[in-house]
Amino acid sequence: MTQAALRDPVLAQRLAGEILKMAARPVRLMEFCGGHTHAILRFGIRARLEPKVRLLSGPGCPVCVTATADIDAAIALAHLPGVAVATFGDMLRVPGSRSTLMQARAEGADVRVVYSALDALDLARRELQRQVVMLGIGFETTAPTVAATIREAAAEGVPNYTVFSLHKLTGPAMRAILDAGEVRLDGIIGPGHVTTITGTQAWEFLPEEYGISCAVAGFEPLDILRAVRSLVLAIAEGRPRVTNDYPRSVSREGNRVAQALMAEVFTVESALWRGLGRVPASGLAIGERYAAYDARRRFAEAFAGVLYDAPEPPGCCCGEVLRGVLEPTECPLFRRVCTPAHPVGPCMVSSEGACAAHYHYGGAL
Amino acid sequence: MCLAVPLRVVAIEGTMAEVEMGGVRRRVSLVLVPETQVGDYVLVHTGFAISRLDEEEAQETLALFEEMAQAAREEEDERPSPTAPDGPDGEGTSG
């Protein structure tokens, strides 16, 4: 399947027109995933469907939902002598309460950017004199990849590799947003790559318990429009359901190998989310079996000074943006004080952040 | 973070595969998709294949879109020509 076919502008226009005809009443849909937010703005889908079909950004940016206190802990780890913190590049410029990993690196801390957790494990193998701590950031898409490196390190007996797991689960976050009742939603565009792992079964609680539909989407314009069409159709029919609009990658049961690996390595616990606060059963900590590979246990001293009630940067509305309560453009700092070159909050830093998407693609609606 | 790209597997050695992107080859882990075979398209996320793309479903998706376009075309035949579409890359058009 070619990318060009999934970006056919004539077909996209026709599909958008059909969606607008089908929508019996104005509807509000949330795209959970930051990757979708970027595609929706980049390809002009949002503007094309407004105002009848409103698309709201959700919390699906792992970097953005990482709590300030956890960034502070990562920075404290990086400052420990003999420790190298390995991280995906997006995390470097996310502000903690006083600093960033990038500033820590400028001050002499050992911070390495990796493309894959495999690179961090390789670093540990190569530099045995150093303790390598991988920052485990990401949802169900990324968590199994990090779990794989923990299992591999254990099988080989790599002595100097640990993970600071900040992995989070998408379902509990979606529940938290719906339970808060701050935004009225008629449907959810489900995250395509998270659902590749979890399967569409993970979203069945949405129609069953909340009476709203979920359509799982790929990341090309026609994929997204197809999912919007499914949601509008389900709403028009008054039959809430989960539809798989990304069947070339997604199934009902998901990737069972990845699910089993996550269950083997991690244990589910509550987690602190920027914007959502503490959400029960929404985080993945390293379980007893792999306790030796848990940076929280090995470097407990780094966590001692972390303030878990550190305030957010003054004026920053990332929390409201992540809950879909405010548009990035409604934040008083947006584009004036907070820009990609000088970000105040993580939503402007990450390539998946809603503020960055609005900044780059002119989403001033 | 959840970005993943479809790449074709050109060789497999143990749990690692060589995939090709625009003539450039790189190694990815197959531990999450052990049933992968040479010639498959896999979705790659942070150095790991996370799914094998289903070719049949991919063709069906294209056929479905074509069907939708056809239906829309038939309806529009009776009306004035549609407005110019957005460019395929759509940058800056969301204003």
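The values are calculated or read from the model by the stated rules, or taken from the named source; none is laboratory data. Predicted model, so just to flag it, every value in this text is computed and none were measured. All Cβ positions, glycine included, derive from the backbone under ideal geometry; neighbour counts span all protein chains shown. Note: accessible area is taken over every heavy atom of the protein model, side chains too, but ligands, DNA and RNA are not part of it. Shrake-Rupley method; radii C 1.70, N 1.55, O 1.52, S 1.80 Å.
For the stretch A:173-218, enumerate the residues that are surrounded by fewer than 17 Cβ atoms within 10 Å (Cβ to Cβ) and among the small types (Gly, Ala, Ser).
Residues of the stretch A:173-218 that are surrounded by fewer than 17 Cβ atoms within 10 Å (Cβ to Cβ), as a first pass: A:179-184, A:201, A:204-205, A:208-211.
A:Ala180, A:Gly181, A:Gly211 - these are the residues of the stretch A:173-218 that are surrounded by fewer than 17 Cβ atoms within 10 Å (Cβ to Cβ) and among the small types (Gly, Ala, Ser).
Considering the stretch A:296-322 alone, what residues qualify as being open to solvent by less than 50 Å² (accessible area, probe 1.4 Å) and under 30 Å from A:Leu29 (Cβ atoms)?
A:Pro313, A:Gly315, A:Cys316, A:Cys317, A:Cys318, A:Gly319, A:Val321, A:Leu322
Would you mind finding the one in A:Arg239, A:Arg289 that is surrounded by fewer than 15 Cβ atoms within 10 Å (Cβ to Cβ), in contact with a Pro (Cβ under 9 Å, 6 or more places away or on another chain) and of a type in the set (Lys, Arg)?
Numbers: A:Arg289 fails: in contact with a Pro (Cβ under 9 Å, 6 or more places away or on another chain).
Every option except A:Arg239 fails the conditions.
Restricting the search to the stretch A:258-281, which residues are of a type in the set (Val, Ile, Thr) and open to solvent by 50 Å² or more (accessible area, probe 1.4 Å)? Talk me through it step by step, then tell me what you get.
Start the filter on the stretch A:258-281 by keeping residues that are of a type in the set (Val, Ile, Thr), which leaves A:265, A:267-268, A:279.
Matches in the stretch A:258-281: A:Thr267, A:Val268.
Testing A:Leu29 on (1) in a helix (DSSP H, G or I); (2) modelled with pLDDT of 95 or more, one condition comes back false. Which one is that?
Condition (1) is where A:Leu29 drops out.
From the set of residues in the stretch A:111-129 that are more than 19 Å from A:Arg296 (Cβ to Cβ) and more than 14 Å from chain B (Cβ to nearest Cβ), which is nearest to the chain's Cα centre (by Cα)?
Let us first name the residues in the stretch A:111-129 that are more than 19 Å from A:Arg296 (Cβ to Cβ), namely A:112-116, A:118-119, A:122-123, A:125-129.
So of that shortlist, the ones also more than 14 Å from chain B (Cβ to nearest Cβ) come out as A:112, A:125-129.
Working: A:Arg112: 21, A:Arg125: 29, A:Arg126: 30, A:Glu127: 31, A:Leu128: 32, A:Gln129: 33 Å.
This residue is A:Arg112.
Take the stretch A:178-218 and flag every residue that is in a loop (DSSP other than H, G, I, E, B) and not aliphatic (A, V, I, L, M).
Within the stretch A:178-218, the first condition is being in a loop (DSSP other than H, G, I, E, B), and the residues that meet it are A:181-186, A:199, A:204, A:211-212, A:218.
A:Gly181, A:Glu182, A:Arg184, A:Asp186, A:Gly199, A:Glu204, A:Gly211, A:Gly218, listed by residue number.
May I ask you to list the residues in the stretch A:1-11 that are more than 7 Å from chain B (Cβ to nearest Cβ) and in a helix (DSSP H, G or I)?
Looking only at the stretch A:1-11, we keep the residues that are more than 7 Å from chain B (Cβ to nearest Cβ), and these are A:2-4, A:6, A:8.
Listed by number, the residues that qualify are A:Ala4, A:Leu6.
So which residues in the stretch A:65-99 are more than 14 Å from chain B (Cβ to nearest Cβ), at pLDDT 95 or above and not in a helix (DSSP H, G or I)?
Residues satisfying the conditions are A:Leu80, A:Pro81, A:Gly82, A:Val83, A:Ala84, A:Val85.
I'd like the full set of residues that are modelled with pLDDT under 95 and more than 24 Å from A:Phe43 (Cβ to Cβ), limited to the stretch A:182-219.
Those that are modelled with pLDDT under 95 and more than 24 Å from A:Phe43 (Cβ to Cβ): A:Glu182, A:Arg184.
Mind checking which pairs have a first residue in the stretch A:16-28 that is at positive phi and within 12 Å of chain B (Cβ to nearest Cβ) and a second that is part of a helix (DSSP H, G or I) and of a type in the set (S, T, N, Q), Cβ under 9 Å, 6 or more apart or different chains?
Within 9 Å, no pair qualifies.
Taking the stretch A:109-140 on its own, how many of its residues are part of a helix (DSSP H, G or I) and surrounded by fewer than 22 Cβ atoms within 10 Å (Cβ to Cβ)? First the steps, then the outcome.
The first filter runs over the stretch A:109-140 and keeps only residues part of a helix (DSSP H, G or I), leaving A:117-126.
In the following step, the residues that additionally are surrounded by fewer than 22 Cβ atoms within 10 Å (Cβ to Cβ) were identified as A:119, A:122-123, A:125-126.
Qualifying residue count, the stretch A:109-140: 5.
Having 3 or more residues that are at pLDDT 95 or above and β-branched (Val, Ile, Thr) is the bar; report the strands (runs of 3 or more DSSP E) wholly within the stretch A:241-299 that clear it.
On the way: elements: A:242-245, A:266-273, A:277-286.
Passing ranges: none, list empty.
Would you point out which residue out of A:Gly17, A:Gly35, A:Gly58 is assigned to a helix (DSSP H, G or I) and crowded, with 24+ Cβ neighbours inside 10 Å? If you could, list the steps in order and put the result at the bottom.
Details: A:Gly17 fails: crowded, with 24+ Cβ neighbours inside 10 Å; A:Gly58 fails: assigned to a helix (DSSP H, G or I).
Going through A:Gly17, A:Gly35, A:Gly58 in turn, the sole match is A:Gly35.
Determine which member of the set B:Ala58, B:Ala4, B:Ala49, B:Ala11 is surrounded by 13 or more Cβ atoms within 10 Å (Cβ to Cβ) and at pLDDT 95 or above.
On the way: B:Ala58 fails: at pLDDT 95 or above; B:Ala4 fails: at pLDDT 95 or above; B:Ala11 fails: surrounded by 13 or more Cβ atoms within 10 Å (Cβ to Cβ).
One residue alone meets the criteria, B:Ala49.
Mind listing whichever residues of the stretch A:38-52 are assigned to a helix (DSSP H, G or I) and in contact with a strand residue (DSSP E or B) (Cβ under 8 Å, 6 or more places away or on another chain)? Full working, then the answer.
Taking the stretch A:38-52 as the starting set, the residues that turn out to be assigned to a helix (DSSP H, G or I) are A:38-42, A:45-49.
Within the stretch A:38-52, A:Ile40, A:Ile45, A:Arg46, A:Leu49 meet the criteria.
Starting from residues that are within 8 Å of another protein chain (Cβ to nearest Cβ) and open to solvent by less than 50 Å² (accessible area, probe 1.4 Å), keep the ones in the stretch B:21-46 and report whichever is farthest from the chain's Cα centre (by Cα). Spell out how you get there, then give the answer.
First, pick out the residues of the stretch B:21-46 that are within 8 Å of another protein chain (Cβ to nearest Cβ): B:29, B:31-34, B:43, B:45-46.
Still in the running and open to solvent by less than 50 Å² (accessible area, probe 1.4 Å): B:29, B:31-33, B:43, B:45-46.
On the way: B:Ser29: 19, B:Val31: 21, B:Leu32: 19, B:Val33: 17, B:Leu43: 8, B:His45: 13, B:Thr46: 17 Å.
It comes out as B:Val31.
Test A:Glu269 against the stated conditions and say whether it is without any contact (Cβ under 8 Å) to a residue 60 or more places away in the chain and out of contact with any Cys (no Cβ under 6 Å at 6 or more places or on another chain).
When the stated conditions are applied, A:Glu269 passes them.
Can you report the number of residues in the stretch A:323-365 which are more than 14 Å from chain B (Cβ to nearest Cβ), of a type in the set (A, V, I, L, M) and crowded, with 23+ Cβ neighbours inside 10 Å?
1
Determine if the stretch A:147-169 includes at least one residue that is within 25 Å of A:Arg28 (Cβ to Cβ) and surrounded by fewer than 24 Cβ atoms within 10 Å (Cβ to Cβ). Reasoning before the result, please.
We begin by selecting, within the stretch A:147-169, every residue within 25 Å of A:Arg28 (Cβ to Cβ); these are A:168-169.
This time we only want the ones that are surrounded by fewer than 24 Cβ atoms within 10 Å (Cβ to Cβ), so: A:169.
Yes, the stretch A:147-169 has at least one match.
Restrict the check to the stretch A:215-232 and report whether at least one residue is closer than 25 Å to A:Cys318 by Cβ, within 14 Å of another protein chain (Cβ to nearest Cβ) and of a type in the set (Phe, Trp, Tyr). It would help to see each step written out before you state the result.
From the stretch A:215-232, those closer than 25 Å to A:Cys318 by Cβ are A:217, A:219, A:224; that's our starting set.
Subsequent filtering for residues that are within 14 Å of another protein chain (Cβ to nearest Cβ) retains A:217, A:219, A:224.
If we keep only those that are of a type in the set (Phe, Trp, Tyr) as well, we get A:219.
Within the stretch A:215-232, one or more residues are closer than 25 Å to A:Cys318 by Cβ, within 14 Å of another protein chain (Cβ to nearest Cβ) and of a type in the set (Phe, Trp, Tyr).
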